[in-house]
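The block underneath contains the structure these notes are about, expressed in structure tokens.
The values are calculated or read from the model by the stated rules, or taken from the named source; none is laboratory data. It should be emphasised that the depicted structure is a prediction, and the values quoted were computed from it without experimental measurement. Because the Cβ atoms are built from the backbone with ideal geometry, glycine has one as well, and the counts that use them run over all protein chains shown.
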């Protein structure tokens with residue numbers, strides 16, 4: 001039997017505050033950050049708002065985000081989070097530009113559909 005001291009690493013849940021650097025653009029709210037990998041910096045949200053007869057609809061909500069300590073997908077650099085399809089997707093600037101170009105093209109198609117709808121209404125009447 002050895003008389004040398006032994007060490008072992010034991011995983012324990014420690015609850016204490018952690019002081020971290022916060023980017024100037026962060027809105028300062030860090031809900032649900034129980035563990036270091038959960039820490040996410042988020043800037044203010046911006047949304048497109050469309051008024052319908054049933055009330056306002058917000059869409060394409062976006063914000064600057066950074067998860068510097070994330071275990072699954074660390075984001076050491078700020079990203080743009082864009083919410084569509086019910087999910088928030090973290091995109092790099094080039095991907096955001098590709099997304100906006102595709103969205104602009106799709107908006108042109110919506111204008112074509114609106115024009116076609118006007119034409120059909122004229123033909124069919126009230």
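Tabulated data
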read-out: Residue in the range 82-100 that is surrounded by 10 or more Cβ atoms within 10 Å (Cβ to Cβ) and assigned to a loop (DSSP other than H, G, I, E, B) present; value: yes
read-out: Residue within the range 117-125 that is surrounded by 11 or more Cβ atoms within 10 Å (Cβ to Cβ) and either free of Cβ contacts under 8 Å to residues at least 40 places away in the same chain or assigned to a loop (DSSP other than H, G, I, E, B) (or both) present; value: no
read-out: Residue 13 within 15 Å of the chain's Cα centre (by Cα) and either exposed (fewer than 10 other Cβ atoms within 10 Å of the Cβ) or at positive phi (or both); value: no
read-out: Top-ranked residue in the range 28-42 [being part of a loop (DSSP other than H, G, I, E, B) and in contact (Cβ under 8 Å) with a residue 24 or more places away in the chain; ranked as nearest to the chain's Cα centre (by Cα)]; value: 40
read-out: Residue pairs meeting the criteria (Cβ under 9 Å; at least 6 apart or on separate chains; first at positive phi and part of a strand (DSSP E or B), in the range 48-75; second at pLDDT 90 or above and surrounded by 16 or more Cβ atoms within 10 Å (Cβ to Cβ)); value: 60/82; 60/83
read-out: Count of residues meeting criterion [crowded, with 17+ Cβ neighbours inside 10 Å and modelled with pLDDT of 90 or more] in the range 55-81; value: 9
